[in-house]
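Structure first, commentary second.
The values are calculated or read from the model by the stated rules, or taken from the named source; none is laboratory data. Please read all numbers here as calculations on a predicted model, not as lab measurements. Virtual Cβ from ideal backbone geometry, glycine too; neighbours counted across all protein chains shown. The accessibility values were calculated without ligands, DNA or RNA, using every heavy atom of the protein model including side chains. Shrake-Rupley method; radii C 1.70, N 1.55, O 1.52, S 1.80 Å.
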Amino acid sequence: MSTVQRIQFYTAPYSPYSHRVRLALDEAGADYLAYEFPNTRTKPDWYYQINPRGRIPSIAYGGPDVPPEEPSPESAKLTESLALIEFIADIFPDSGLLPKDPILRAKARGFIQIYDSWIQPPYKSAFFLGEGTEPILQAIEKLQAALPPTGFAIGQYSIADIAVAPFFVRMLLFLRHGIGAYSQADGDRLREAFASEKFARFRQYVQDLESRPSFQKNWDEAQQVELWKSPPKFRKE
Ligand SMILES: N[C@@H](CCC(=O)N[C@@H](CS)C(=O)NCC(=O)O)C(=O)O
């Protein structure tokens with residue numbers, strides 16, 4: 001089996017996509033170096049050598065011990081949070097983040113696909129664009145139906161839970177603090193719905209995600225509220 005090489009992780013505290021990777025690294029017990037960008041969307045020129053799209057997260061994997069701002073041509077430049085969490089599961093096979101059983105692997109990937117295809121678009125529309133909240137409620141009902149009666153998405157904690165946790169915990173945080181582009185009436189409707197019996201399974205699932213030690217280690221509610229109070233991408237009416 002190959003030995004794990006140097007992991008230089010590029011991240012920022014506001015970023016839910018980066019949060020996925022941080023959770024995977026900590027769940028796997030990885031040794032890694034983290035470079036934290038401040039809460040700005042602009043990236044320095046050197047960063048485009050690592051991710052030509054200028055997005056976070058990314059990982060420079062392997063190569064010599066260099067400063068994070070001077071990436072070596074010898075490291076592999078890896079991007080896209082879902083690819084990164086699978087990569088971490090691959091290099092730490094004993095972490096169980098991606099089980100060996102092909103059926104469970106397919107279930108984990110399927111759950112992530114449900115999130116990406118069904119939840120992410122109405123979440124963005126409701127919270128970032130203020131385009132109404134009914135579609136996100138319908139989508140979360142579908143996701144609830146994909147969950148087992150108790151516990152994590154595929155039974156054991158896996159990349160499926162890691163992929164959704166940063167988004168669901170932020171979603172409920174935003175609602176508690178009135179953060180987002182939705183109208184007052186839509187916010188009230190969402191809060192009422194999520195507090196109802198119909199969404200009890202979803203609430204429990206998010207609570208389980210949040211209770212995970214790796215999540216607790218990487219979550220500061222007050223900091224998140226501060227970071228998200230007026231991010232440039234929220235379009236308030
Ligand atoms: N599909 C990418 C999305 C990454 C992404 O959009 N990251 C945000 C931070 S959460 C970013 O870098 N935004 C910079 C920008 O908006 O210019 C992934 O899964 O890694």
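Scanning for something in contact with an Asp or Glu (Cβ under 8 Å, 6 or more places away or on another chain) and surrounded by fewer than 20 Cβ atoms within 10 Å (Cβ to Cβ), does the stretch 40-48 turn up at least one residue?
Checked against the condition, which is being in contact with an Asp or Glu (Cβ under 8 Å, 6 or more places away or on another chain) and surrounded by fewer than 20 Cβ atoms within 10 Å (Cβ to Cβ), the stretch 40-48 yields at least one hit.
Residues in the stretch 99-119 that are assigned to a helix (DSSP H, G or I) and open to solvent by 20 Å² or more (accessible area, probe 1.4 Å): how many?
Adding up the residues that qualify gives 13.
Test I154 against the stated conditions and say whether it is crowded, with 17+ Cβ neighbours inside 10 Å and within 25 Å of K100 (Cα to Cα).
For I154, the condition - crowded, with 17+ Cβ neighbours inside 10 Å and within 25 Å of K100 (Cα to Cα) - is met.
Of everything in the stretch 49-66, what is open to solvent by 50 Å² or more (accessible area, probe 1.4 Å) and within 16 Å of the ligand (Cβ to nearest atom)? Give them in sequence order.
Q49, P52, R53, R55
Does E69 count as open to solvent by 30 Å² or more (accessible area, probe 1.4 Å), in contact (Cβ under 8 Å) with a residue 24 or more places away in the chain and either over 30 Å from E210 (Cα atoms) or within 16 Å of the ligand (Cβ to nearest atom) (or both)?
Judged against the criteria, E69 is a match.
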